[in-house]
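Laboratory data are not the source of any read-out in this text; all were calculated from the coordinates shown. This is a predicted model, so every value here is computed, not measured. Cβ coordinates were reconstructed from backbone atoms using ideal geometry, including for glycine residues, and neighbour counts include every protein chain displayed.
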Amino acid sequence: MSRKTVLIPAVELAEPEHGELLELLIEPAGLGAGAEPQLELLYAHGLGVAVAAAQAALSTARLPPPARSLISPATWLGPPVLYLANPRANLSNAAGAALGIALGLLLYAQRCPGQRLLATGALTISVASPVKIGPDRWLADKLKLALALGSQEQPLPFLVPAQVTPGVPTQTRCAVLIAALARLNIHVVPVNSLEEAVAACRRLVDG
């Protein structure tokens with residue numbers, strides 16, 4: 001399956017109880033495409049800051065090579081185009097889309113296993129350390145958005161920051177929501193870095 005899907009919860013700063021799951025699609029750009037991923041549509045959708053953070057993160061992340069089972073040159077369909085199936089105007093809290101965009105590119109490039117996942121997290125880049133995922137004080141509102149997906153036939157990973165605020169673990173603050181999503185076969189995985197997120201995806205697929 002050439003198309004990859006990343007669902008990214010987005011909430012408004014002024015009204016965090018109102019939000020939507022953005023559906024990020026990553027698929028072959030087709031004939032005539034250049035050598036690089038096509039990201040222009042995401043800039044038009046208000047995700048320019050998140051795109052820039054994702055690109056910077058991927059250029060510095062200390063990621064292992066793809067697992068042998070993931071490498072499939074015969075099925076490589078060229079560089080991808082990324083776009084939102086349900087774009088929203090005037091996004092006011094888009095920094096958390098960076099993790100989803102980065103993982104989407106890794107999914108397509110066969111650097112991370114899977115076809116579909118949820119992700120939210122702002123990325124902080126440092127050459128001397130892993131690409132950190134910052135705390136997210138709106139995380140509970142974002143987890144609530146995923147409840148609307150209902151029960152899933154296949155396990156659906158949801159990569160999120162490990163902390164809601166500095167020193168406050170997601171597992172503790174959001175325990176009730178995490179349990180409710182687990183009953184829907186949506187598995188919340190708190191992570192501290194992009195590298196941890198990729199490793200978590202591999203564990204979920206292998207396990």
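In the chain, Cα pairs under 8 Å separated by at least six residues give a relative contact order of 24 percent. By other beta-carbon atoms within 10 Å, ranking 4, 144 with the fewest at the front produces 144, 4. Here the simple spin-label model places points 7 Å from the Cα toward Cβ, and for residue 56 and residue 18 these points are separated by 3.1 nm.
With θ taken as phi - 60° and the Karplus curve 6.51 cos²θ - 1.76 cosθ + 1.60 applied, the whole-hertz 3J(HN,Hα) list for the range 152-169 is 10, 5, 10, x, 10, x, 10, 7, 9, x, 6, 10, 7, 9, x, x, 10, x Hz, x standing for glycine and proline. Distances between placed amide hydrogens fall under 5 Å for residue 131 paired with 62, 194, 195, all partners being 5 or more residues away or on another chain. Using only Cα atoms and rounding to the nearest 10 degrees, what angle (0 to 90) does helix 194-206 make with the longest principal axis of the chain? Helix 194-206 sits roughly 80 degrees off the main axis of the chain. Which FRET efficiency, nearest 0.05, do residue 203 and residue 152 yield, Cβ-Cβ r, R0 22 Å? Once the sixth-power term is evaluated, E becomes 0.75.
Counting only alpha carbon atoms, the long axis of helix 97-108 and the longest principal axis of the chain meet at about 40°. Multiplying the residue separation of residue 183 and residue 27 by 0.36 nm and subtracting their alpha-carbon distance yields 53.1 nm. With helices as the sole contributors, the chain gives -9000 deg cm²/dmol at 222 nm; each DSSP H run of n ≥ 4 counts as -39500 (n - 2.57), and the sum is divided by every residue. For the range 92-207, calculate the relative contact order in percent as a whole number, restricting contacts to Cα pairs under 8 Å that are 6 or more residues apart. Taking the mean separation of contacting Cα pairs over the length of the range 92-207, I get 28 percent. Based on C-alpha pairs under 8 angstrom that are at least 6 apart in sequence, the range 105-171 has a relative contact order of 34 percent.
Loop exposure criterion: GluC sites (Glu not before Pro), DSSP state outside H, G, I, E and B, at most 14 other Cβ atoms within 10 Å. Applied to the chain, the longest stretch between such sites is 18-152.
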